[in-house]
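Trainee: One structure follows; several queries about it will come next.
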Amino acid sequence: MRLAAQHRLPAVYNGRFYVSRGGLISYGPDYVVQFRRVAGYVDRILKGEKSADMPVQAPTKYELVLNLKTARALDMTIPAPVLARCDDVIE
């Protein structure tokens, strides 16, 4: 992230964490939803179900997060349709 900022390069990250710390944009799984789903798996294991019998689950919800402050620093104009699709916009 520092290298992209140092060279004023727009970069896409895989999680909200990077955008909240100055990255431009991220698209990745919503980790809050993932952690809630893990709780269900833990419950099933504690009730005696074998983990080997449980299916691997892919994320079901992805989020698009944009940092407008970073976009302005990079002299970027973000189109309104992209802003409308964002799950969260950090100003």
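The values are calculated or read from the model by the stated rules, or taken from the named source; none is laboratory data. Just so we're clear, the structure is a prediction, and the values are computed from it rather than from any experiment. Counting neighbours? That spans all protein chains shown, and the Cβs are built from the backbone with ideal geometry, glycine included. Calculation scope for accessible area: heavy atoms of the full protein, side chains included, ligands and nucleic acids excluded. Shrake-Rupley method; radii C 1.70, N 1.55, O 1.52, S 1.80 Å.
Trainee: Return one whole number: the accessible area per residue of the chain in Å², for a 1.4 Å probe.
Mentor: Working: 6660 Å² over 91 residues.
Value for the chain: 73 Å² per residue.
Trainee: Ignoring ligands, DNA and RNA, what percent of the 1.4 Å accessible area of the chain is carbon and sulfur? List each step's numbers first, then the result.
Mentor: Values: 3910 of 6660 Å².
Heavy-atom surface of the chain belonging to carbon and sulfur, 1.4 Å probe: 59 percent.
Trainee: OK, next. What number, rounded to the nearest 500 deg cm²/dmol, is the helix-based mean residue ellipticity at 222 nm of the chain, given -39500 (n - 2.57) per DSSP H run of at least four residues and division by all its residues?
Mentor: Values: 5 runs with 38 residues, N = 91.
Helices in the chain give a 222 nm mean residue ellipticity of -11000 deg cm²/dmol.
Trainee: Report the residue, chosen from VAL38, VAL65, VAL56, that carries the largest GNM mean-square fluctuation when the chain is represented by alpha-carbon nodes joined by springs under 10 Å.
Mentor: VAL56
Trainee: Something else: Across every pair of different alpha-carbon atoms, what Kirkwood hydrodynamic radius in Å does the chain reach? Could the numbers behind the result be given before it?
Mentor: Details: mean 1/r = 0.0663 Å⁻¹.
Taking the inverse mean of 1/r over all distinct Cα pairs, the chain comes out at 15.1 Å.
Trainee: Also, quick follow-up: Non-local amide H neighbours of LEU64 (under 5 Å, H modeled in plane, Pro and chain starts lacking H): which ones?
Mentor: ASP87, ASP88
Trainee: Same structure again: Using a Förster distance of 25 Å, how high is the FRET efficiency between CYS86 and ALA39, based on the Cβ-Cβ distance and rounded to 0.05?
Mentor: On the way: r = 27 Å, r/R0 = 1.10.
Efficiency, from the Cβ-Cβ distance: 0.35.
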